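Comments concern the structure below.
The values are calculated or read from the model by the stated rules, or taken from the named source; none is laboratory data. Remember, it's a predicted structure, so these values are computed and weren't measured experimentally. Using ideal geometry, Cβ is built from the backbone for each residue, glycine included, and neighbour counts are taken over all protein chains shown.
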Amino acid sequence: MSIPNTAATDGIEPVVPVPGYPNTWTHTPAQPLIRRLPGRTDLAGPAALHRKLVPGAVNLAEPTPGRPAIGQLMQVSGRILDEDGRPVAGAVVELWQANAAGRYAHANDGSVAPLDPNFLGHGRALTDADGRYAFTTIKPGAYAVPVEETWWRPPHLHFSVHGPSCLARLVTQMYFPGDPLNAMDRILNAIPDDAARLRMIARFLPPPSVGDLFLGFTHDIVLRGRLATPEA
């Protein structure tokens, strides 16, 4: 994984702040960023990141045996790729999401939707030699954004991909194909490029290919270049 290539991603990165989404106003710098060339330590460390961010908990749907979460079971898998389509082995992939009712297991989520005591909603995987990752989880619910002009966020997953240096991190989101709320989501539609928005939507796998235990989705994440997966 390498540092973002902004010259090759015009139209791919979101236009922020996003109207009607307060967090993008409080988390967006008011002044242009100061550009500097990365140093050797920026590009080379920390070493063996997976020893600090220990992979595991890839089964979010049943983190404790015999205590399954409530919701539609699904598996999401895919590959982490570089700009040339080569697999990135040893990348740390983190996932977090809302539960089936559309609520996060986090103190900052003040929704009246119920919490699921058997669902924490986060996991971490390490890509294999082919750049592959996989999580078993439940499909998250949609939720309303608590603003005066109410709008709803569609079901989505958050991904964070860590590479071999402190600058090599991509935070993005994954959406589900065919959901009517996708067209109204202000986060997804903050991406100016039509093709880039489509790269944030997973591909549904036909049931015969995954069996009858869960729904299957595949989602590749490209780290940089003109075909990069947008940040979100």
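Scanning the range 167-222 for residues being closer than 23 Å to Tyr133 by Cβ, among the basic types (Lys, Arg) and outside any helix (DSSP H, G or I) gives a total of 3.
Could you go through the range 159-174 and let me know if any residue there is touching a strand residue (DSSP E or B) at 6+ places or on another chain (Cβ under 9 Å), polar (S, T, N, Q), modelled with pLDDT of 95 or more and within 22 Å of Val210 (Cβ to Cβ). No: zero hits. The set of residues from the range 124-145 being closer than 16 Å to Val58 by Cα and assigned to a strand (DSSP E or B) comprises Arg124, Ala125, Leu126, Arg132, Tyr133, Ala134, Phe135, Thr136, Thr137, Ile138. Leu181 meets the stated requirement of being touching a strand residue (DSSP E or B) at 6+ places or on another chain (Cβ under 9 Å), at pLDDT 95 or above and of a type outside the set (D, E, K, R). So Leu120 fits all but one of (1) closer than 12 Å to Ala98 by Cα; (2) of a type outside the set (Lys, Arg); (3) part of a strand (DSSP E or B); what number is the exception? Just one mismatch for Leu120, condition (3). Residue selection: Arg203 fails the criterion of being within 27 Å of Gly71 (Cβ to Cβ), buried (at least 16 other Cβ atoms within 10 Å of the Cβ) and charged (D, E, K, R).
Residue-by-condition table, conditions (1) under 29 Å from Glu148 (Cα atoms); (2) modelled with pLDDT of 65 or more; (3) not acidic (Asp, Glu):
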| residue | (1), (2), (3) |
| --- | --- |
| Pro4 | no, no, yes |
| Thr9 | no, no, yes |
| Thr24 | yes, yes, yes |
| Pro38 | no, yes, yes |
| Val54 | no, no, yes |
| Leu60 | no, yes, yes |
| Pro65 | no, yes, yes |
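Of all residues assigned to the range 137-144, none qualifies as being polar (S, T, N, Q) and surrounded by fewer than 20 Cβ atoms within 10 Å (Cβ to Cβ).
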